Amino acid sequence: MARNHRQPRGTDALFRTKSVEQSIRDTEEPEHRLRKSLTALDLVVYGVGVVIGTGIFVVTGTVAKEYAGPSVALSFVVAAVVCGLAALCYAEFASTVPVAGSAYTFSYASLGELPAWIIGWDLVLELALGAATVAGGWSQYVTQLLDNVGITVPAALTHSGGGFGFDVLAALLVLVLTGVLLLGMKLSARVTSAVVAIKVSVVLIVIVAGLFYVVGDNYTPFIPPEKPVDEGTSGLLTPLSQVLFGISPSHFGVMGIFSAAAVVFFAFIGFDIVATAAEETRRPQRDLPRGIFGSLAICTALYVAVSLVVTGMQKYTELESEAPLGSAFKAVGQPFFAGVISFGAAVGLTSVVMILLLGQTRVFFAMSRDGLLPRAFSQVHPRFGTPYRTTVLLGVGVALIAGFFTVTELTEMVNIGTLFAFVVVALGVVLLRRSRPDLPRAFRAPWVPVLPILSVLASLWLMLNLSVETWLRFTFWMLVGLVLYVVYGRHHSLLGQRGD
């Protein structure tokens, strides 16, 4: 390794970029090399596995009742368009830089070290808290299913008692799935395939069965008239766009479609995690774009279909917020399907937790391999070919979070972090096209720079539709990350030590 005779200083050091060639060379180091075992089908399954979760059974009806009515189907289309613009940018980057780390790695190659650190810090924490929260949701479903067969989980072992408790089921799920990830990507892909087959079958059964109970009058009005929100939802809970542009807070109407899109966007989070597995894909230049677009297309079709079914079965004003799809089937005299939905949600959340864990370990691994986090965490297991230290560390951490804490209002926090990553990746595509036009690109996003600019604007618009409180939390989160970079990452960066 070259000595750091030519380290950039000051602002130049903060925005030094890591060449694509160096990123690829780093993947060839024996002790830090991940095993290539994934195919395009595996990537599609991963994408569908993480995107289709409890959101399809809960978010669809909840947002219809509170934000958009039957037009929630349009909200899913809006969110899918935003994701599609980002997907084109992700596909170009992932096929050009087939290295673990997703948006972190892409940022390092185009925007520089400090932006890369910020987005990596953002992704690791977002995915960790997301996994913990989804594990808690899984625990609630399983507790209900056990209660239905006469098995009662003590309140002290859940968060249902209102006082202190440790959610044992949530923590155990995280630890078991951590073990699966530890044993290799191929095993985790097989487990995910089985789980995805079950939950997609449940979703299709629900859609087909629900079609027989759709009533056309329930779609009228398709876009309900605009209504002002209660005064209690103003202040920090007001969307930032309404504060900046003086728009009176309201639900439903045309603005309600966009407000709903900002919320249901959470249901799409995960397709970008496909890019974190770039380094473990056999033919990344061909298979990564297929995995990203395939999973996004399948998930969009399922979300739109479910939202149309649930709002067609029961008037949106009568849907239950906690279990809207189940309540719709009960309302038409079919309680059996409510049990099927609970089973499908419980099974579906299993793969969501595992793939969120996978995504955060790969980002953490990439940052560690670059020296921005301790290098010891980028060691790969000699037998399983997985970053075992990172996997164990983060798995135990997420298990403790899932056990001890009930994370509320996380949906918007995860949304703003993912949208921020979309903005960074879109900007990175433009910058890398200008700085490295010579790079071989197996997939090229069309209409650059117009398309990435549209992606940035669309993502920013959804971000502005999130609450002021969410923006304040996000800003604090980023400031903490900035301090950590200044204290540790900047001084231990391998790129800086090489004098690149």
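Read-outs throughout are calculated quantities, based only on the coordinates presented, and are distinct from any laboratory measurement. Only a predicted model underlies this, so the values are computations on that prediction, with no experimental measurement involved. Here the Cβ positions follow ideal geometry from the backbone for every residue, glycine too, while neighbour counts run over all protein chains shown.
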Rounded Å value of the spacing that divides the Cα centres of the range 420-495 and the range 85-128: 8 Å
Distance in nm between pseudo-label sites at I223 and Y488 (7 Å out along the Cβ direction from Cα): 4.9 nm
Global form of the range 308-393, assessed from the alpha-carbon gyration tensor, a/c cut-off 1.5: prolate
Within the range 92-112: backbone nitrogen closer than 18 Å to the I24 label point (7 Å, Cα to C-beta): 92-102, 105-110
Nitroxide proxy distance, nm - points 7 Å out along Cα→Cβ at E318 and H381: 5.3 nm
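Work out the FRET efficiency for F476 and L146 from their Cβ-Cβ distance, taking R0 = 45 Å, and round it to the nearest 0.05.
Taking R0 as 45 Å, the efficiency between F476 and L146 is 0.70.
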Note, ³J(HN,Hα) from phi for the range 175-182, Karplus 6.51, -1.76, 1.60, rounded to Hz, x at Gly and Pro: 5, 5, 5, 4, x, 4, 5, 5
Leading residue at positive end of dipole, the chain (Cβ point charges), from F252, A442, V353: A442
Count, lysine Cα pairs under 18 Å in the chain, 8 or more residues apart or across chains: 6
Extension gain (nm, one decimal) between K36 and V450, 0.36 nm per residue minus Cα-Cα: 145.6 nm
The chain, dipole about Cα centre (Lys/Arg Cβ +1, Asp/Glu Cβ -1), debye to the nearest 20: 1800 debye
CD proxy at 222 nm, helix term only [per DSSP H run n ≥ 4: -39500 (n - 2.57); per residue of the chain; nearest 500]: -20500 deg cm²/dmol
Label-point separation, R434 to V176 (7 Å along Cα→Cβ), nm: 5.1 nm
